[in-house]
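Asks: Can you keep this structure in mind? I'll have questions shortly.
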Amino acid sequence: MKLSSVILRQWRDSDFDLYLEMNTDPEVMRHFPSVLTQDQVSSSFTKLRDVIGERGWGVWAVPDFRTTDASGREISHLMADGFIFDF
């Protein structure tokens, strides 16, 4: 999915190391209940990909425009019949 200034895409296997780094970093996770273990990150990563595959929307990877590598994650919104559903 490409918006005017942001590209949202499905997570790739090559994104896992960055996702692991983000979710196990205390500074990144300071507003969450706790950092995640590697098993929790792996399970979460799989679920993110599965949800997008099943529903066609979810938490997308946001690639760096210069490299197309994931630079973070973005919450998408499904708009249907005038309603916005936050994932």
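The values are calculated or read from the model by the stated rules, or taken from the named source; none is laboratory data. Since we're looking at a predicted model, the values are computed, not measured. Cβ: placed from backbone, ideal geometry, glycine included. Neighbour counts: every protein chain shown.
Asks: Answer with yes or no whether residue 11 is aromatic (Phe, Trp, Tyr), surrounded by 14 or more Cβ atoms within 10 Å (Cβ to Cβ) and modelled with pLDDT under 90.
Replies: When the stated conditions are applied, residue 11 does not pass them.
Asks: Same structure again: What pairs come out if I take residues in the stretch 42-59 that are assigned to a helix (DSSP H, G or I) and pair them with residues that are of a type in the set (Val, Ile, Thr) and surrounded by 14 or more Cβ atoms within 10 Å (Cβ to Cβ) whose C-beta lies under 7 Å away, six or more apart or interchain?
Replies: Going by the 7 Å Cβ cut-off, the qualifying pairs are 48/59.
Asks: When the residues of the stretch 20-41 are filtered to those that are in contact with a helix residue (DSSP H, G or I) (Cβ under 8 Å, 6 or more places away or on another chain) and assigned to a helix (DSSP H, G or I), which remaining residue is surrounded by the fewest Cβ atoms within 10 Å (Cβ to Cβ)?
Replies: 38
Asks: Confirm whether residue 61 is within 22 Å of residue 7 (Cα to Cα), modelled with pLDDT of 75 or more and either surrounded by 11 or more Cβ atoms within 10 Å (Cβ to Cβ) or not β-branched (Val, Ile, Thr) (or both).
Replies: When the stated conditions are applied, residue 61 passes them.
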